[in-house]
Amino acid sequence: MPEITCSRCGRTAEQMPQPPMRGKYGEAIHAQVCSDCWNEWKTQQVVIINHYGLVPASPADREQLYLLMKEFLNLQMA
């Protein structure tokens, strides 16, 4: 499997076997984020959803969650 330099932690690590989600965010995460940082985000995401009372089914809340995810993971979007 190819190696990547993680955009969040800076480590060189094996790329995840497949994008963790569909679409442009999934492709960016797959290309830039290690699995350890992705797992940290999944834990942090629950905290954020509960703290802000976000409803992931709501388009506005989902967009806010994506923005926070991009910041947390230091994602560079094309």
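The values are calculated or read from the model by the stated rules, or taken from the named source; none is laboratory data. Only a predicted model underlies this, so the values are computations on that prediction, with no experimental measurement involved. Backbone-built Cβ (ideal geometry, glycine too); neighbour counts: all protein chains shown.
Residue by residue through the range 17-47, note down the ones that are of a type in the set (A, V, I, L, M) and surrounded by fewer than 17 Cβ atoms within 10 Å (Cβ to Cβ).
Keep residues of the range 17-47 that are of a type in the set (A, V, I, L, M), which gives 21, 28-29, 31, 33, 46-47.
Scanning the range 17-47 gives Met21, Ala31, Val46, Val47.
Take the conditions within 13 Å of Arg8 (Cα to Cα) and of a type in the set (S, T, N, Q) and apply them to Asn50. Does it pass?
Numbers: within 13 Å of Arg8 (Cα to Cα): no; of a type in the set (S, T, N, Q): yes.
No: the conditions fail for Asn50.
Each row is one residue, and each column tells you yes or no for (1) under 11 Å from the mean Cα position of the chain (by Cα); (2) part of a loop (DSSP other than H, G, I, E, B); (3) modelled with pLDDT under 95; (4) not aliphatic (A, V, I, L, M).
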site: Ser7; (1), (2), (3), (4): yes, yes, no, yes
site: Gln18; (1), (2), (3), (4): no, yes, no, yes
site: Ala28; (1), (2), (3), (4): yes, no, no, no
site: Trp38; (1), (2), (3), (4): yes, no, no, yes
site: Lys42; (1), (2), (3), (4): yes, no, no, yes
site: Asn50; (1), (2), (3), (4): no, no, no, yes
site: Leu68; (1), (2), (3), (4): yes, no, no, no
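Pairs, please: C-beta under 8 Å, at least 6 apart or cross-chain, first residue surrounded by 13 or more Cβ atoms within 10 Å (Cβ to Cβ) and in the range 60-74, second among the β-branched types (Val, Ile, Thr)?
Asp61/Val55; Leu65/Ile48; Leu65/Ile49; Leu68/Ile48; Leu73/Ile29; Leu73/Val33
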